[in-house]
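Let me begin by presenting the structure, written as structure tokens, before commenting on it.
The values are calculated or read from the model by the stated rules, or taken from the named source; none is laboratory data. All values derive from a computational prediction rather than experimental measurement. Cβ atoms come from the backbone with ideal geometry, glycine included; neighbour counts cover every protein chain shown. Surface accessibility is based on the protein's heavy atoms, side chains included, excluding ligands, DNA and RNA. Shrake-Rupley method; radii C 1.70, N 1.55, O 1.52, S 1.80 Å.
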Amino acid sequence: MNVQFSLPIWVARCQGNRTNCLYPDAYTATDAEALKRLVANDHTFICLKNSYRSEENFSYTETLVTDCDNTHSDNPDDWITKEDIMNEFLDVAMLIYTSRNHMKPKDGKSPRPKYHVVFFVERISSPEDYKRLMQKAQGFFPYFDAKA
């Protein structure tokens, strides 16, 4: 199935750098292959002033992005699948893709499914509004990472 979409993404020139805050390269992913290529580097779906990630530099976003890392249980029968997420949000426009740590051990936990969930939303122009929406999503679906 070849799904078309329009997803603005700002990409860093590094990969896996936890201290990076610079996202200078702007793109628009329009299909799964482009998205896969772009998310290989550190990235954000938030437009930032001066391309620098900080709350003060939040300009806007048209997505709400959260993680489902399946850290709530070590029992594979309890793990959340992409299908579980899609069934919980039946009428919501979203993309789901695996994280770079999908099915890899991390933080002392066994390998498990790890997903990024991108919800398409009306433009948000303040970090406070973004945080409120994120808290609502996490309250509705507690398997989303509270640290996202």
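Only residues that are part of a strand (DSSP E or B), of a type in the set (Ser, Thr, Tyr) and modelled with pLDDT under 95 were counted in the stretch 99-128, giving 0. Of everything in the stretch 122-136 that is without any contact (Cβ under 8 Å) to a residue 40 or more places away in the chain and open to solvent by less than 100 Å² (accessible area, probe 1.4 Å), the residue that is farthest from Ser54 (Cα to Cα) is Asp129.
Conditions (1) open to solvent by less than 30 Å² (accessible area, probe 1.4 Å); (2) in contact (Cβ under 8 Å) with a residue 60 or more places away in the chain, marked per residue:
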residue	(1), (2)
Met103	no, no
Lys106	no, no
Phe119	yes, no
Phe140	no, no
Tyr143	no, yes
Ala148	no, yes
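The test for being open to solvent by less than 70 Å² (accessible area, probe 1.4 Å), in contact with a Leu (Cβ under 9 Å, 6 or more places away or on another chain) and without any contact (Cβ under 8 Å) to a residue 12 or more places away in the chain holds for Ala34. Mind checking whether some residue in the stretch 11-28 is under 16 Å from Pro127 (Cβ atoms) and exposed (fewer than 13 other Cβ atoms within 10 Å of the Cβ)? There is no residue in the stretch 11-28 that is under 16 Å from Pro127 (Cβ atoms) and exposed (fewer than 13 other Cβ atoms within 10 Å of the Cβ).
Would you be able to say whether some residue in the stretch 68-84 is in contact (Cβ under 8 Å) with a residue 12 or more places away in the chain, surrounded by 18 or more Cβ atoms within 10 Å (Cβ to Cβ) and of a type in the set (S, T, N, Q)? Yes: one or more hits.
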